[in-house]
Each structure stands twice: as structure tokens, then as C-alpha cells.
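Worksheet: the structure to be examined is printed underneath.
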Amino acid sequence: MSTLQENKHPDTEALFTHMEKEFFYLAHQKKVLELGPFQGWYTQLLLNQNPKSITGIETSPGSVKDLKTKFHSEPRVEIQHADMFDYLNADSPNFDLVVACGVIYHTPAPILLLEKIVNFANPEDIIIDAPGSKLIKRKNEWNGYLESKFGSPGYRQALGYRQSGWVSIIPTGAITEILEGYGYILQKRSFVGDFNVFSKEHSVVLHYHLKIPSKLKIIWEKIRG
């Protein structure tokens, strides 16, 4: 497994090993869509699994430039500078696996994102990470303090936050309920807060698998109707 030098937190390698063993093995010989690859840490772990292809959709121009440089010699990796909401549409290709880690809490419309993943990427498996309750509480307290000092939403720009910041929080139970409505079941739930990695404290990684075969999905949609 490649050591990614950009991440210096003490348990980084332990977290990466855990993600490969428990989740990213699903990428083996699969078409993978990675939403928000950022600096490509998980992209490399997915690539280690010998996938058929990885398509990374990233909104940050700087990250896109770095990702294209990092994976320029790997023909199975395609990096696109695009908004994930625009990319996921009726003309989108299908994927076997969608990975959306570090993404869902940066979007103002997490439910819409889940619906677009299901309806337009049509994956058999979905891997998502989401903040646990303790992390949500701490972030909300910190954001409240910043808003009192700088106003909202200007404090994010004042302090150089990523443009999206912590926009919307959706509980893990709600994610499960939404995806179950589309025929997915929660296969695995893993707390990764034990790893001393910044921003992953109390985080939860979730793996959902499509219980209903793809051929029956149209019938299922009609029943839900």
C-alpha cells in the first residue's frame, strides 16, 4: 500500500489499512465513481484493488490539477472538473461502486445527492462516510462561535475554509432510511474515530448494497410510485 505523504496524522496508515480491508476491496474489477476525491488519498487505495476504472468528480480546480498530475500515468483513472450534481444526470454512465467520503456533509442538498447517486449512477454498492453525533455537536459549537465573531456565512471565507464548508448535516439513520427506500441494505457500519486522524474523529463509514437486482429496479420504482 502506498504511503501518502500529504497526510501526517499518526494513525493515517492504520485508517487506510482499515478502509482497504473493510470497504475498498469492493472496487476489485469494478467501475468506480468517486465523488470529491480531493487530494486522492482514497483514489490510490481504490486503485490498489485493481478496479476496471475510477472516475473522480472534483469541484476544486486546484485539486483537479493535482489529481491529474498524480495519476497522469494511470489510464484507469479519469479525473473530471465538474459539479457532482451536474455530472449525475440521465446521460451519466452506470457504475458498480460509488464512493462518497468526505462529501455528504459539504453539500447543501444531501438527500438530493443520494437520490442522484441511486437514480443515475445505478451502483450495486455505495460507500459513504458521515459524522457521528459527538463530532456534529463539536462542529456546531465551533461554527456557532465563528458566526458570533465573523457573521454567517462570511466567516468561512474569512478563515479560508473550503468553499462549501460544513453546509448540511444528515444523521446516519436518515441516510439508511433513504437508501432502504431505493432497495439498498446496510451491509456494514464502522466507527473510525479510534484512528487519530484529523476530521475523522467519531466519523462513521457505511456500506450499502443493492438488495434488489438491477433488472427489478424499474418494477420497484413503480411499486414505490
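List the GluC sites (Glu not before Pro) within region 6-95 that fall in a DSSP loop (any state other than H, G, I, E or B) and whose Cβ has at most 14 other Cβ atoms within 10 Å.
GLU6
If you plug each phi of region 181-190 into the Karplus form 6.51 cos²θ - 1.76 cosθ + 1.60 with θ = phi - 60°, what whole-Hz ³J(HN,Hα) values come out, in order, with x for Gly and Pro?
Coupling constants for region 181-190: x, 9, x, 9, 10, 6, 8, 8, 9, 10 Hz.
Most exposed first by the Cβ proxy, i.e. fewest other Cβ within 10 Å, how do ASP125, ASP91 rank?
Arranged by neighbour count, lowest to highest, ASP125, ASP91 become ASP91, ASP125.
Using Cβ counts within 10 Å as a stand-in for footprinting exposure, how do TYR105, TYR184, TYR208 rank, fewest first?
Details: TYR105 20, TYR184 23, TYR208 27.
By the 10 Å Cβ count, ascending: TYR105, TYR184, TYR208.
Under 5 Å between amide H atoms, partner at least 5 residues away or on a different chain: which partners does ILE79 have, H built in plane at 1.01 Å?
GLY56
Where does each of PHE120, PHE16, PHE191 land when they are ranked from fewest to most other beta-carbon atoms within 10 angstrom?
Placing the least packed residue first, the sequence is PHE191, PHE120, PHE16.
Laboratory data are not the source of any read-out in this text; all were calculated from the coordinates shown. Predicted model only: the values in this text are computed from it and were never measured. As a convention, Cβ positions derive from the backbone with ideal geometry for all residues, glycine included, and neighbour counts pool all protein chains shown.
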